[in-house]
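Structure first, commentary second.
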Amino acid sequence: MINPVLANGYRAASMTLLALETLPCGCVAGIYQARPTVVEVEFVEAKGPHCVFSRHRTGHVTRLGVPESMVADTGEPLV
């Protein structure tokens, strides 16, 4: 996959789809890994027809962080 170079000279991160999940409210969330890092990003892909959460908008980030497998027992990230 080719990363486009932005106007400021930085490259945009590639996003690799890891999973799709249906949330209890009916929305669909996509979990992506931002390459070349191990950071995971969860976006709302589709809003459920009966969802009452105003923050659930298509394209809205709902979670950002490192995967649970990369977190020590103390809660500190290993990376």
ask   = Taking amide H positions as placed 1.01 Å from N in the peptide plane, with prolines and chain starts having none, which residues 5 or more places from T62, or on another chain, fall under 5 Å of its amide H?
value = E42, F43, V44
inquiry  = Please compute the contact order of the stretch 14-70 in relative form: average sequence separation of alpha-carbon pairs under 8 Å and at least six residues apart, divided by the residue count, as a percent.
reply    = 29
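How high is the FRET efficiency from S54 to L20, r the C-beta distance, R0 22 Å, rounded to 0.05? Each step should come with its number before you reach the end.
On the way: r = 22 Å, r/R0 = 1.01.
Efficiency for this residue pair is about 0.50.
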ask   = Which of C51, M15, G26 sits farthest toward the positive end of the charge dipole of the stretch 14-70, with +1 on the Cβ of Lys and Arg and -1 on the Cβ of Asp and Glu?
value = C51
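No value in this document is a laboratory result; all are computed from the given coordinates. Note that the structure is a prediction, hence the values are computed from the model and not measured. All Cβ positions, glycine included, derive from the backbone under ideal geometry; neighbour counts span all protein chains shown.
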